[in-house]
Amino acid sequence: MRFVNKLIILMIIVLALPGIAVGGEAEKDVESKEEAKNKIILDTVVISATRTEVSAFEAPASVSVIGEEEINREQPTSLKDLLDNVPNVDFSGGTSTYFQVPSIRGLDDEQTIIKIDGAKQQYNDNAGNAKSPVVMDPNLLKQVEVVRGPSSTLHGSGGIGGVIAMRTKDAKDFLKSGEKAGARIGSGYQSVDSQKWFSATSYVGSDLFGLVANITTRDFGHMRTSSPNGTNTVMHRTGHSTTQFLKGSMTPSDGQYASLSLHKFKDNYATQSGSSYRSDQTQFTANYNLDPANNGWLDLRAVGQYTYRYNESDIGTAFDDTMVSWGGDIQNTFRFGIKDAFYHTLTAGTDYYINDQKGNRDHVSDESRPKATGWDFGMFVQDDISLPFGLSLIPAVRYTKYNRAVDNGAWPGQNETKVSPKVTVNWKALSWLNVFTTYAESFRPPSLNEIYLFMDWPGLGQVVPNPNLKPETAKTWEYGTGLTFDGVFTGHDPLRLKLVYFRETIKDFQSAEFIGGVAPNMRWTTVNTGSVRRFGYEAEMHYAYERYAMSLTYGKVMGMDEDTGARVGQTPEQVGLRLYTDIPEYDLGLTWKSDYTAESKGYQPWNGSTDTVPDYHVHGFAVAWTPKDVMGYDGLRVDLGVDNLFDQKYLTYRGGRDRGRNAKIGLSCAF
């Protein structure tokens, strides 16, 4: 603790010193203002919202973007670190970096589509022992897009909550201007779990070709938690992870791009009670884009992926399971018509993904996790029609067919189809104002685990299969407005504001439910609970003035089971604030972080209770020092930061513990 306290005091001094010294650097400050202005990206181009390129704040959808600059400032160890300030996005899975499970708008992770480099991630859990659908190291990410709201029509079944889409870095994202090759090594430490990390990256590239290779290792120990009641203040577990990443890319001509990447992840950890867990994932991803200039009929994007995932646990009984997934999608965008009158941006595509899974108990085939196969096939078309007077009409429709089956025939399979329409009306009322309305229908078939999983908990009870589980269907109305000002007070201080309200009804809502019995014969299963009615809000404001920037976010979702009145599928009020400033005279970037979560009542399916969780505030800061000249060397970067600065004691609105105060330090050097 003495080390942590000293580190925090040092960081606060570092934060304060530049402000004291700037007064004497007025002339240098004037020269550097233009250089330092607005590193926080306000008009990032996104693809996930419409499957075509559009500015995030002008997209007719509830979209958030975390760019490379924000990723670097955050000093992340997990995806959760990056998305803490995104409205109506939260994580379950507790304190461990490797248990993080993202969800959008208060829904479970199964209702969120996750993509990496355009490929849908199919893995979601491993027989209840751990959930970790995202094992990509966050420092390899160039950009993260979050689309809140129904996304099944464009991205496939499962997107009732929305989409989280990540893009990994190419060699050109590491190379400086004029460089052909380079390397970067880094190391760091965080106090909350005594985590030590090391990363080494090499890269080579030209106008035609690029190659990047990375290895990152992390060793972690016991985790100090935010538990408010004096119990479980430390989670006793230790472990290690290794990430290996290799990506080659080519741009053989203007408008043409191809890449192939290999991502390997291994981790293992052990608890104080003697239980141990291990994961091993290998993933290949291929991308090809073709968008030649002056050809409105060709804008092709294709992606394919293969994933192998193995999980092993020993909790007195040895379990292991294997998941193999492959598939991809292809789309083309056609552009034709009369500009500013009746211009069409028509995108059509198809996708197919197949999953095979099997499980063992004590190295013998385990009927609780039977060998099973599931596949999903879809076709979609969307036409973005530009009309006079700033109007645009965007109809879309998807056809989906899915199949679920166990090899031994012990349980009945499922084979169904669904058509999901969507339509958006967008009005560019003024140069700085657009208004949109969307109606969408979404569709989520049950996963293999939800249908077929059987789990025996000795002394407690069982989780039993439900092969009669029905797909969820949702009907959603969304209303939003976006305001874009390039100058508010000075003419050089951009402001972006987006406000969204939605309401929806989800039929055959799926949730875990206690179905009776007493220990040791209690029973749970996944059931369709009927109809859930929900509504919610999202707001984002981003403002920049010279070397300063601010981000303010708000989100809230209310949900109720129409049959029982139980609160489900909801999130409490959450407010996030980020303040940024650059001090180029000292090569410093400073960030302040504040998050507030209001009091909430959450329904607990395991015991049928509704618990009130108190509100809480969490604050933190980060400092990045990137000196331009240290004895002629300009490749150094030093990061300092503290999360949960005041060591706030609290439970998340889901009733889980989060991390306690966490001091972080990192050092990297480029050559």
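The values are calculated or read from the model by the stated rules, or taken from the named source; none is laboratory data. Because the structure is predicted, anything quoted here is derived from the model rather than measured. With ideal geometry, Cβ positions are generated from the backbone for all residues, glycine too; neighbour counts draw on all protein chains shown. These area figures cover heavy atoms from the full protein model, side chains too; ligands, DNA and RNA do not enter into them. Shrake-Rupley method; radii C 1.70, N 1.55, O 1.52, S 1.80 Å.
Assorted remarks:
- Residue in the stretch 124-133 that is within 29 Å of G635 (Cβ to Cβ), of a type outside the set (G, A, S), open to solvent by less than 50 Å² (accessible area, probe 1.4 Å) and at pLDDT below 90 present: no
- Residues in the stretch 182-200 that are of a type in the set (A, V, I, L, M), open to solvent by less than 70 Å² (accessible area, probe 1.4 Å) and modelled with pLDDT of 95 or more: A183, A200.
- The set of residues in the stretch 459-513 being under 26 Å from S157 (Cα atoms) and over 25 Å from the mean Cα position of the chain (by Cα) consists of V463, V464, P465, N466, P467, N468, L469, K470, K507, D508, E513.
- Test: E472 is of a type in the set (D, E) and touching a residue at least 60 places away in the same chain (Cβ under 8 Å): yes
- Some residue of the stretch 501-515 being open to solvent by less than 20 Å² (accessible area, probe 1.4 Å), under 30 Å from L433 (Cβ atoms), of a type outside the set (A, V, I, L, M, F, W, C) and touching a Gly at 6+ places or on another chain (Cβ under 8 Å): no
- Candidate set: the stretch 386-398, residues that are part of a strand (DSSP E or B) and not polar (S, T, N, Q); chosen: the one surrounded by the most Cβ atoms within 10 Å (Cβ to Cβ): R398
- Some residue of the stretch 557-573 being in a strand (DSSP E or B), in contact (Cβ under 8 Å) with a residue 12 or more places away in the chain, open to solvent by 70 Å² or more (accessible area, probe 1.4 Å) and within 30 Å of G487 (Cβ to Cβ): no
- Set L636, L667, L645: member being crowded, with 19+ Cβ neighbours inside 10 Å and either on the phi > 0 side of the Ramachandran plot or in contact (Cβ under 8 Å) with a residue 24 or more places away in the chain (or both): L645
- Count of the stretch 256-282 residues, restricted to those that are open to solvent by 60 Å² or more (accessible area, probe 1.4 Å), closer than 30 Å to G210 by Cβ and small (G, A, S), is 0.
- Only one entry of F514, F535, F502, F489 meets the criterion of being of a type outside the set (D, E, K, R), without any contact (Cβ under 8 Å) to a residue 60 or more places away in the chain and assigned to a strand (DSSP E or B), and that entry is F535.
- Matching residues, the stretch 337-385, being more than 31 Å from the chain's Cα centre (by Cα), open to solvent by less than 30 Å² (accessible area, probe 1.4 Å) and either aliphatic (A, V, I, L, M) or under 19 Å from V425 (Cβ atoms) (or both): A341
- Residue count for the stretch 591-600, restricted to those that are over 22 Å from the mean Cα position of the chain (by Cα) and surrounded by 20 or more Cβ atoms within 10 Å (Cβ to Cβ): 1
- Residue match in the stretch 614-621 (condition: within 22 Å of the chain's Cα centre (by Cα), more than 21 Å from S103 (Cβ to Cβ), modelled with pLDDT of 95 or more and of a type in the set (G, A, S)): yes
- Test: K401 is touching a Ser or Thr at 6+ places or on another chain (Cβ under 7 Å), surrounded by 18 or more Cβ atoms within 10 Å (Cβ to Cβ) and among the charged types (D, E, K, R): no
- Taken together, Y310, Y306, Y353, Y343 contain a single residue that is without any contact (Cβ under 8 Å) to a residue 24 or more places away in the chain and in contact with a Ser or Thr (Cβ under 8 Å, 6 or more places away or on another chain), which is Y306.
- Residue in the stretch 222-236 that is closer than 21 Å to E69 by Cα and open to solvent by less than 20 Å² (accessible area, probe 1.4 Å) present: no
- Among the residues of the stretch 65-86, those that are open to solvent by less than 20 Å² (accessible area, probe 1.4 Å), assigned to a loop (DSSP other than H, G, I, E, B) and within 23 Å of T581 (Cβ to Cβ) comprise G67, P76, V86.
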